[in-house]
Amino acid sequence: MSLIPECVERLAAEFGRLPGIGPKTAQRLTFYCLRTDPNLVSQLSAALAGLRSEVRPCSRCYFIADADLCAVCRSGSRDASIICVVEDALDVLAVERSGEFHGLYHVLGGALSPIEGVGPDQLRVAELEARLRDGEVSEVVIATDPDVEGEATAHFLAERLAGAGVRLTRLAHGLPAGADLQYADELTVARAFTGRRSLEA
């Protein structure tokens, strides 16, 4: 017989599914919820429910949004002639923290990884190509992670977009090899943007 009620074990198990949360941390979070103000637990529950019901991908760039378009795509001050292609939404936040980029984004939804079954059809490549057809975009900055999957994705995009009539650039490797863009500090991302290079032959 377990000493812990089933609902407590269930919550700890759910916390344990979160990235970076081990069994002990999951247990601490669960017991914190038990002893804290019930209003805080209610607020947490409401915030989690709202996350799924109110937030959706932007219909243009696939960043997170609470309307049809995200705040970046709705902004009239962004340079619509340049698109920064990233793997996921957290990468948008990393680029924004650098303060160096003032264009629009395109979130692929991952990187090519044959081992994990992620091919071009699982990424939003066709949607990116569609955005380039109106002729408004003059540069695409490929800002995938500088790891094996990110480099493969950048190479694939360079080949796929070669005839799209836009300048293709890649972030300079001020970013450490094998690191995720979302964990880079602002200065590193800023230097990578400043030193971005052409992907054209």
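Close contacts from region 54-68, counting a first residue that is in contact (Cβ under 8 Å) with a residue 40 or more places away in the chain and a second that is among the basic types (Lys, Arg), with Cβ to Cβ under 8 Å and a gap of 6+ residues or different chains, come to Arg60/Arg131; Tyr62/Arg124. Checked against the criterion of being under 30 Å from Val92 (Cβ atoms), of a type in the set (Val, Ile, Thr) and either without any contact (Cβ under 8 Å) to a residue 60 or more places away in the chain or out of contact with any Gly (no Cβ under 7 Å at 6 or more places or on another chain) (or both), the candidates Ile21, Ile4 yield just one match: Ile21. The lone criterion from (1) modelled with pLDDT of 95 or more; (2) assigned to a helix (DSSP H, G or I); (3) under 12 Å from the mean Cα position of the chain (by Cα) left unmet by Tyr105 is number (2). Taking each residue of region 115-131 that is under 17 Å from Ile142 (Cβ atoms) and looking for partners that are loosely packed, with under 12 Cβ neighbours inside 10 Å with beta-carbon atoms closer than 9 Å, six or more apart or interchain, yields Pro120/Ala126. Does Leu161 satisfy the criteria of being in contact with a His (Cβ under 8 Å, 6 or more places away or on another chain) and within 16 Å of Leu199 (Cβ to Cβ)? So Leu161 does not fit the description; no.
Listed by position, the helices (runs of 4 or more DSSP H) enclosed by region 2-78 that each have at least 2 residues that are in contact with a helix residue (DSSP H, G or I) (Cβ under 7 Å, 6 or more places away or on another chain) are 6-16, 23-35.
The values are calculated or read from the model by the stated rules, or taken from the named source; none is laboratory data. As the structure is a prediction and not an experimental result, all values here were calculated from the model. Note that each Cβ is placed from the backbone with ideal geometry, even for glycine, and that neighbours are counted across all protein chains shown.
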